[in-house]
Amino acid sequence: SDPNVTTAFPAMAESLRDAAVPVSVQAYNLSWVIHVVGDLHQPLHGTSRSSSSQPSGDAGGNRMWVLLPGSDRDSTNLHALWDGWLGRPSRGMAIDEVAAGLARDLPVAAGAPDDALSIPRGAALTATVRGWADESATLARYVAYDLPPRGASTPAALPEAYVTQGTRIARQRLALAAYRLAAVIEAQLGS
């Protein structure tokens, strides 16, 4: 089968603890592990919606234009909107300040029923990664793509409730990605 996140990610993560893998390759793989965990938690990173006007799909919302509340002409694509939920309110803030706010507002305690902190050392990650991708696909289908009707030539005008819900979900997904990234690294490198 073709390489995809469920086949490539486990190999990259497992290489982090393999002494036979050169340190330069481990460092390269670590940067991709960090990137991929973040992408896996973004609802529009692993999906595409087809329609009669876009039979080959919308490239994960990149070809779907929307208007933010209060704007009648400045549109953005849906993918960029979801990628940027946290960036807009966090502009000018230090990254550690943003991270501390997420951890404070969305804590995950050890022993919680969520899998965020329970990836056993050396665990096979294929099913775990597939589960994370499925969560995002479900959010894409039932939340991100739950758009108001649009005109034939005008983008969908998003209601304030959509923005509020999207921002809340993006914060939750980013926090969850951080906790899960820590769990993956701990499972590969921890003692």
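The values are calculated or read from the model by the stated rules, or taken from the named source; none is laboratory data. Every value quoted in this text rests on a predicted model; they were computed, and no experiment measured them. Don't worry about glycine lacking a Cβ; one is built from the backbone with ideal geometry, like all the others, and counts go over all protein chains shown. The area values use the complete protein model at the heavy-atom level, side chains included, leaving out ligands, DNA and RNA. Shrake-Rupley method; radii C 1.70, N 1.55, O 1.52, S 1.80 Å.
Before moving on, here are some points about what is shown:
- Sorted from longest to shortest, the spans of the Cα atoms of segment 1-78 along the three principal axes equal 56, 31, 16 Å.
- Value at 222 nm in deg cm²/dmol, rounded to 500, when DSSP H runs of n ≥ 4 in the chain each add -39,500 (n - 2.57): -15500 deg cm²/dmol
- Using the Karplus relation 6.51 cos²θ - 1.76 cosθ + 1.60 with θ = phi - 60°, the per-residue 3J(HN,Hα) values for segment 131-140 come to x, 5, 5, 5, 4, 5, 5, 5, 5, 4 Hz, with x marking Gly and Pro.
- Surface accessible to a 1.4 Å probe, M93 within the full protein complex, Å²: 80
- Residue ranking by accessible heavy-atom surface, 1.4 Å probe, largest first, among L139, L67 comes out as L139, L67.
- Applying the Karplus relation 6.51 cos²θ - 1.76 cosθ + 1.60 with θ = phi - 60° to segment 6-16 yields 3J(HN,Hα) values of 6, 9, 7, 4, x, 5, 5, 5, 5, 5, 5 Hz, where x marks Gly and Pro.
- For segment 65-71, Karplus couplings with θ = phi - 60° (6.51, -1.76, 1.60), whole Hz, Gly/Pro x: 9, 9, 10, 6, x, x, 10
- Answer label for Rg and Dmax of the Cα atoms in Å (calculated), chosen among [x] 19.2, 63; [y] 18.3, 64; [z] 18.4, 58: [z]
- Residues with amide H under 5 Å from that of A157, placed H, sequence gap 5 or more: L67
- Degrees separating the helix 23-40 axis from the principal Cα axis of the chain, which is the longest one: 40
- Global geometry of segment 130-175, whether rounded, prolate or oblate, following the gyration tensor of its Cα atoms and the 1.5 cut on a/c: oblate
- When peptides 96-102, 170-176 are ranked by their average number of other Cβ atoms within 10 Å per residue, the highest-first order is 170-176, 96-102.
- Working ranking of peptides 24-30, 140-146 by packing, defined as the average number of other Cβ atoms within 10 Å per residue, highest first, is 140-146, 24-30.
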